[in-house]
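Readers should treat all values here as calculations from the given coordinates under stated rules, not as data from a laboratory. Everything numeric here is computed off the predicted structure, so don't read it as measured data. Because the Cβ atoms are built from the backbone with ideal geometry, glycine has one as well, and the counts that use them run over all protein chains shown.
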Amino acid sequence: MTGKLEEIRAEIDALDAELRARLLRRAELVAQIAAAKAANGDAAMPLRPMREMQQMRALRAWQKAHAPILSEAGLMAIWREIIGMALSQQGGMSIYASPAAMATARAHFGASLAYETAPADISALADESRAIGVLTLAEACAPADGMAIFARLPLDGAAACLCYGAQIDEDPIAAGGVYLVRRAAALDGDTILFAGDDYVLVETRTPERDAIWGRYLTLETILSERAQ
């Protein structure tokens, strides 16, 4: 038995070494992307929420179809850390989260980025191209000019927080995303995220004439599109 265990452990060690080599190769490719952007004078925030969402969707589909033995939550957490390392390589971002939103922000953006307490007025981040603000739904406010709400956290499950940042050159609606809208009351087809004293924040595909606070993809909307 001891000999068999040693063989298994040796194979695990070999696989661990391969994983490290693959992670290093990925980092080298990310460095090439960063260098290409720098050569083109592209200093914009490296965040690409739609691409990240597509990666997360592919990971979830793979886990369900081929690797149910692996924890979905664990895989998602590992992948978030890999994405966070890549963002750090490309110049990084500063995450400004309220105390109530900090744990959710750290779980999503990972350990490689810098974290600070969000200012009392989130619009103070409007001129910082590499700043992300994270507030809970109860703290949410309309984004300032030049800012948008580009994601809600977590990406799946019950929403808890909203992410504020500079406008990102992506069109999540064309990919099956939703609008984040503030209404006086919910309409048929709305998904209510938060209910205030005299308003609701909803995810919808029909914003009507109400205030649009953001546009983004969710894993739910992508998966529901595939099921239809």
What length, rounded to one decimal in nm, is gained on full extension from His66 through to Leu187, with 0.36 nm per residue of separation minus their alpha-carbon distance?
39.6 nm
Highest-MSF residue in the chain out of Glu203, Glu139, Glu81 [GNM, Cα springs under 10 Å]
Glu139
Quick one: if you stick a label point 7 Å off each Cα along the C-beta vector at Asp197 and Glu18, how many nm between them?
6.1 nm
Restricting the count to DSSP beta bridges whose residues both fall in the chain, what percent are antiparallel, rounded to a multiple of 5?
75 percent
Rounded to whole Hz, the Karplus (6.51, -1.76, 1.60) HN-Hα couplings of segment 132-145, x for glycine and proline
10, x, 10, 10, 6, 4, 5, 8, 4, 9, 5, x, 6, 4
Dividing the convex hull volume of the Cα atoms of the chain by its residue count, what figure in Å³ per residue is obtained?
155 Å³
Expressed in nm to one decimal, what extension gain is obtained for the pair Ala144 and Glu28 from 0.36 nm per residue of sequence separation less their Cα-Cα distance?
38.1 nm
Lys/Arg Cβ at +1, Asp/Glu Cβ at -1, dipole of segment 145-198 taken about the Cα centre: which of Ala186, Pro154, Ala175 is farthest positive-ward?
Pro154
At Asp42 and Glu6, where each label point lies 7 Å from the Cα along Cα→Cβ, what is the point-to-point distance in nanometres?
5.2 nm
What angle do you read, to the nearest 10 degrees and between 0 and 90, between the alpha-carbon axis of helix 72-89 and the longest principal axis of the chain?
80 degrees
Dipole of the chain, positive direction: furthest Cα of Ala107, Ile83, Pro143, with charges on the beta-carbon
Ile83
With n ≥ 4 as the cut-off for DSSP H runs, can you work out [θ] at 222 nm for the chain, using -39500 (n - 2.57) per run divided by the number of residues, rounded to the nearest 500?
-13500 deg cm²/dmol
Express in nm, to one decimal, how much length is gained between Ala174 and Ala111 on full extension, taking 0.36 nm for each residue of separation and deducting their alpha carbon distance.
19.5 nm
Take the Cα pairs of segment 2-133, get the Kirkwood Rh, then feed it into Stokes-Einstein at 20 °C and 1.002 mPa s and tell me D in µm²/s.
125 µm²/s
